[in-house]
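What follows is a single structure, written as structure tokens, with notes after it.
The values are calculated or read from the model by the stated rules, or taken from the named source; none is laboratory data. Keep in mind that this is a model prediction, so the values were computed, not measured. Virtual Cβ from ideal backbone geometry, glycine too; neighbours counted across all protein chains shown. Accessible surface is based on the protein model in full, side chains and every heavy atom, while ligands, DNA and RNA are left aside. Shrake-Rupley method; radii C 1.70, N 1.55, O 1.52, S 1.80 Å.
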Amino acid sequence: MNTEQALSNNRMLTRLSIVAVAMFGFGFGLVPFYDHICRALGVNSMVEKNELPANTQVNPARTVTIELDANAHGMPWRFQPTVRHLQVHPGELVHVEYEVSNVRDSAMTGQAVVSYGPALAGRFVRKLDCFCFTQQTLAAGEKRIMPVTFVLDADLPADINTFTLSYTFFEVAGKS
Amino acid sequence: MSAVVQPHGHAAGGTAAHDGHDHHDHHGGYGGVMRWITTTNHKDIGTLYLWFSFIMFMTGGAMAMAIRLELFQPGIQFFNPDLFNQFTTMHGLIMVFGAIMPAFVGFANWQIPMMIGAPDMAFARLNNWSFWLLPFAASLLIISFFTPGGAPGVGWTLYAPLTVQMGVGMDLTIFAVHLLGMSSILGSINIITTILNMRAPGMTLMRMPLFCWTWLITAYLLVAAMPVLAGAVTMSLTDRHFGTSFFNAAGGGDPVLYQHIFWFFGHPEVYIIALPAFGVVSQVIPAFSRKPLFGYASMVYATSAIAILSFIVWAHHMYTVGMPVQGQLFFMYATTLIAVPTGVKVFNWVATMWKGSLTFETPMLFAIGFLFLFTLGGFTGLVLSLVPIDIQLHDTYYVVAHFHYVMVAGALFAAFAGVYFWLPKWTGKMYDETLGKWHFWLTMIFFNMIFFVQHFLGLAGMPRRIPDYPLIFETWNKISSIGAFGFGLSQLLFLYVVLKCIRSGEKSPALPWEGADSLEWTHLPTPAPYHSFETPPVLK
């Protein structure tokens, strides 16, 4: 191989090595490239990021006091809410609990019936879950925590600032 | 071309182009192992590449046997799922980077200088180094099996985020990929320089044998694509040890980014494997049809078109990652477009055989086997290029069947064709034609037994890379496994045929294939002398 050819070969070696090194860099260049192009074209947002379903119905400007009440009509059951009253914003998901215990020495079945005060507020209570949806059978001496989950509709008339949620247990006769 | 057969390179050309270089003997002054370690001769290095490739082929093949053994019946019989995953991963890496690619670099080393009338490769010492990186890379891959946690079981694609979680075997694999990449890049630079700078006077680019053309284009693909893979695995490495978060979602990275970078390398890689195979077949088919290659220029342009298209179709490997539909459409159309230049090639090969004086010696059988099965693999590729079908077939055995039709029946069959075709030129002896034909037919039958039925498994929904399967897939899996054992054993016959040829083959005539017309056949004696074309040949 003569020197002219060797020189020409070495030039080619240098050039191709530069191409190889540049392509190594190109691999790393793809990282910001994809970042920018996906952002610019919005192609990476098939599912919107950080857009968890949010409750837009809450009215934080308004606060309503909820008073909880519990009675057992002619039944030997001890029945009371775990908190007596709480403050909520209309539209907010509210979760409260009632405690009931059967002090008699035999099993007994009861059905809770709701009443609202004022009564017209009743249709603004959207109940998702309530122990009053089913009959409750308690064994002798059994104690139970029972939930009510509801939303106070944001359309609740403006003059209602205090709202009473009251439950009364009645015995379901013939069941024990 | 004139059929002037030069005698030994030394005797003929000791004149002008021979200043200062004095070859004392054939092997640079060393004997035994040192001859092979220190050799800078393109023929020696070609031989090293080919033997290395064969050893890797048997190693990767042993892993394939293990995979098919486990899949012989449902349930976990022989290997725990971890080891099974390691086998599938290493089978892929070893076959792609250890067997197929070095095999064709071996052909390039042996053939390109002889085909273009050059005395050797442009950078002989670099050539030695390119080869000797490979055994170290292969050792790293094998050693990784014996590290805590074993070899990586992440699949040959080395997808993040799994690669970030693997044990030390993953690091060894990353370094092995670096070495393999370095070896291919250096080899490619050598091949490009040899072809562009060292052609004999009168050997214009458009007069080169097509094998040189496909390798020139492949070498450019390698220089452009391999560094991107090196970058991708380097990012995995820094994610693992140096606190970066390229692919680690917990640190703000994106695992899908890895797939985009990997397949930017990965799809050109498919053609890096396929194009040299096209080159070999384009030498063999005209020789046994006794006609020049049909549409030589269109072959060159089709090869270039495939190479360019290969850089804009990468995302068809990842239709299911959640791409916008515009992206899927672009990659689908671009991918189906590749069928056009590929179709041109298949048409030209068939047209070369049309009305030719065909004979069916072993190289031609493998070339026709290639043509038939590679086209089938191309068709299933076309099926997979379509988004709605691919989403259904993604990661099923249909894909496994598809790429084995392209990689095995494509690249490997072409490599066998090349070995049988040039073995007389390399050794000066003929292989046993009867045994060669046995090798072809066993390979052909068992290959289809393994992989044809895998199309059915894939269509029925059997996922790949899983060591167990429901009972309904049992029959096809049994057939496939039996085929695999037969295929593996048939390759021992190939080893026997080659060894028999080298040791006790009959002397080959100077031109064993009357249709062969490239320089190594027309201008050199058989066997090819250790130093050839030290004076450039005279071309009309």
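Please compute one quarter of the surface area of the Cα convex hull for the protein assembly as shown and express it in square nanometres. The partial results should precede the final answer.
Working: hull surface 171.3 nm².
That works out to 42.8 nm².
With N set to the number of residues, divide the alpha-carbon radius of gyration of segment B:146-189 by 2.2 N^0.38 Å and report two decimals. Spell out each step's value before the answer.
Details: Rg = 12.0 Å, N = 44, 2.2 N^0.38 = 9.3 Å.
For segment B:146-189, the normalised Cα radius of gyration is 1.30.
The 3J(HN,Hα) values that the Karplus relation (6.51, -1.76, 1.60; θ = phi - 60°) gives for segment B:434-445 are, in residue order, 4, 5, x, 5, 4, 4, 4, 5, 4, 4, 4, 5 Hz. Gly and Pro appear as x. Dipole magnitude for chain B: computed about the Cα centre from +1 point charges on Lys and Arg Cβ and -1 point charges on Asp and Glu Cβ, it is near 800 debye.
Annotation: amide H-H contacts under 5 Å for B:TYR469 (H modelled 1.01 Å from N, sequence separation of 5 or more, or interchain): B:GLY75.
Would you mind estimating how fast segment B:39-79 diffuses translationally, via Stokes-Einstein at 4 °C and 1.567 mPa s with the Kirkwood radius over Cα pairs, in µm²/s? All intermediate terms of the calculation are to be shown ahead of the outcome.
Numbers: Rh = 12.3 Å.
Approximately 105 µm²/s, per Stokes-Einstein.
Dividing the Cα radius of gyration of chain B by its Kirkwood radius returns 0.96 for Rg/Rh. Within the shell defined by Cβ-Cβ distances under 14 Å, the residues around A:LYS143 carry a net charge of 0, with Lys and Arg each +1 and Asp and Glu each -1. Each principal axis of segment B:217-266 carries a Cα extent, and these read 41, 19, 9 Å when sorted largest first. The antiparallel fraction among DSSP beta bridges confined to the protein assembly as shown stands at about 80%.
What are the equivalent ellipsoid semi-axes of segment B:229-312, built from the alpha-carbon gyration tensor (square roots of five times its eigenvalues), in whole angstrom, biggest first?
Sorted largest first and rounded, they come to 42, 12, 7 Å.
Take A:ASP69, project a point 7 Å from its Cα along the Cβ direction, then tell me which residues of segment A:145-176 have their backbone nitrogen under 14 Å from it. The answer is A:162-169.
Enter the mean number of other protein chain beta carbons within 10 Å of the beta carbon of each residue in A:15-25, as an integer.
Numbers: counts 3, 11, 4, 0, 7, 12, 2, 3, 12, 9, 3.
Neighbouring Cβ atoms belonging to other protein chains average 6 per residue here.
The distance between label points at A:SER8 and A:THR162 comes to 10.4 nm (points 7 Å beyond Cα on the Cα→Cβ vector).
Using the crude model of +1 on Lys and Arg Cβ and -1 on Asp and Glu Cβ, and no other charge, please compute the dipole size for segment B:159-299 relative to its Cα centre, in debye to 20.
On the way: 5 positive and 4 negative charges, 152 e Å.
Dipole size: approximately 740 debye.
Ranked by the mean number of other Cβ atoms within 10 Å per residue, highest first, peptides B:107-117, B:88-98, B:197-207 order as B:107-117, B:88-98, B:197-207.
Put a dot 7 Å past the Cα of B:ALA249, heading toward its Cβ, do the same for B:GLU506, and the two dots end up 6.6 nm apart.
Distance between the modelled labels on A:PHE133 and B:ILE466, one decimal in nanometres: 3.7 nm (7 Å Cα→Cβ projection).
Its residue count N sets the reference 2.2 N^0.38 Å, and the alpha-carbon radius of gyration of segment A:90-148 equals 1.34 times that reference. Residues in segment B:54-63 carry Karplus couplings, in order, of 5, 4, 5, 4, 5, 5, x, x, 4, 5 Hz; the curve used is 6.51 cos²θ - 1.76 cosθ + 1.60 with θ = phi - 60°, and Gly or Pro positions show x.
If I stretch the segment between B:LEU205 and B:HIS241 completely, what's the gain in nm (0.36 nm per residue apart, minus their alpha carbon distance), one decimal?
Values: separation 36, 0.36 × 36 = 12.96 nm, distance 4.76 nm.
Between B:LEU205 and B:HIS241, full extension yields 8.2 nm more.
Remark on segment A:57-176: ratio of C-alpha radius of gyration to 2.2 N^0.38 Å is 1.14.
How big is the antiparallel share of DSSP beta bridges in segment A:70-176, given as a percent to the nearest 5?
On the way: 30 of 34 bridges.
Counting only bridges with both partners in segment A:70-176, antiparallel ones make up about 90 percent.
Against the criterion of solvent-accessible heavy-atom surface with a 1.4 angstrom probe, B:GLU514, A:GLU67, A:GLU142 sort, most first, into B:GLU514, A:GLU67, A:GLU142.
Calculate the all-directions average of the projected area of segment B:110-229's alpha-carbon convex hull, and give it in nm². Averaging across all directions leaves 8.1 nm² for the Cα convex hull. Taking the Cα centre of the protein assembly as shown as origin and assigning +1 to Lys and Arg Cβ atoms and -1 to Asp and Glu Cβ atoms, the resulting dipole is close to 1300 debye.
Fully extending the segment from B:VAL340 to B:GLN326 would add 2.8 nm, taking 0.36 nm per residue of separation and subtracting the current Cα-Cα distance. Convert 20 °C to kelvin, take the viscosity as 1.002 mPa s, use the Kirkwood radius over C-alpha pairs of segment B:295-350 as Rh, and evaluate the Stokes-Einstein diffusion coefficient in µm²/s, rounded to a whole number. Stokes-Einstein gives a translational diffusion coefficient of 176 µm²/s.
Between B:SER139 and A:ILE145, what FRET efficiency comes out of the Förster formula 1/(1 + (r/R0)^6) with R0 = 51 Å and r the beta carbon distance, rounded to 0.05?
Details: r = 67 Å, r/R0 = 1.31.
The formula returns an efficiency of 0.15 here.
The length gained on full extension between B:ILE389 and B:PHE360, counted as 0.36 nm times the residue separation minus their Cα-Cα distance, comes to 6.6 nm. Loop-located chymotrypsin sites (Phe, Trp or Tyr not before Pro) in segment B:202-299 (DSSP state not H, G, I, E or B) with no more than 12 neighbouring Cβ atoms inside 10 Å: B:PHE242.
Binning the C-alpha pair distances of segment B:148-306 at 10 Å intervals from 0 yields a P(r) profile of 10, 32, 26, 17, 12, 4, 0 %, listed from the shortest bin outward.
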